[in-house]
Amino acid sequence: MNFEEYEKKLEDFGVVQKDREFLKKVFEFASKIHEGEKRLSGEEYITHPIAVSLKLAELKMDTATIAAGLLHDTVERSPQALGQIRKTFGEEISVLVDSVTKVDRVGATGADRALESVKKMFFAIAEDIRVVVIKLMDRMHNMETLEWLPREKQERIARETITLYASIAERLGMWNVKAKLEDLSM
């Protein structure tokens with residue numbers, strides 16, 4: 001998806017011109033970081049952060065959260081990205097991206113992994129609820145594109161989604177998100 005298509009969708013979700021202009025810079029930065037990367041489907045990797053950010057825009061999240069959705073995987077790709085994000089886009093966005101990255105860095109496996117995810121999510125909620133909303137949209141898009149993974153991994157991720165992510169969405173009163181995650185898990 002090019003920026004013009006992305007911008008049109010942002011406009012459809014009510015994102016104002018000034019914010020779309022800012023998001024163009026974020027879009028270009030994220031595209032450059034993910035340049036040449038592919039998803040298992042063969043799509044350009046940038047399609048994932050774009051989808052996450054559009055889901056955030058559809059939820060009427062603020063511009064910083066939409067930007068963090070676009071940038072949420074950049075730190076994993078480039079060790080210098082977080083510093084560049086802070087310098088270019090500001091402290092608020094860099095804190096959101098850093099927090100999402102920390103929630104992603106779960107080193108445990110199995111039930112321990114799920115428990116560790118829950119702990120990190122609750123710490124994120126205490127610091128900034130937007131981190132959890134970004135993670136929910138990240139998981140939703142990953143569930144929408146799950147068919148490219150081996151069956152065993154699909155089933156593990158689906159179980160984790162329904163028990164952890166759908167449950168968190170419910171507790172946050174995000175009923176449509178909860179229902180969508182449950183549907184995708186089935």
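The values are calculated or read from the model by the stated rules, or taken from the named source; none is laboratory data. These figures come from a predicted structure and were not determined experimentally. Glycine gets a Cβ as well: all are built from the backbone with ideal geometry, and neighbour counts include every protein chain shown. Surface areas here come from the heavy atoms of the whole protein model, side chains and all, with no ligands, DNA or RNA. Shrake-Rupley method; radii C 1.70, N 1.55, O 1.52, S 1.80 Å.
Against the definition (part of a helix (DSSP H, G or I), open to solvent by 40 Å² or more (accessible area, probe 1.4 Å) and either in contact with a helix residue (DSSP H, G or I) (Cβ under 7 Å, 6 or more places away or on another chain) or not small (Gly, Ala, Ser) (or both)), how does residue 87 come out, yes or no?
yes
In segment 29-88, which residues are in contact with a Ser or Thr (Cβ under 7 Å, 6 or more places away or on another chain) and within 22 Å of residue 11 (Cα to Cα)?
29, 30, 46, 56, 66, 69, 70
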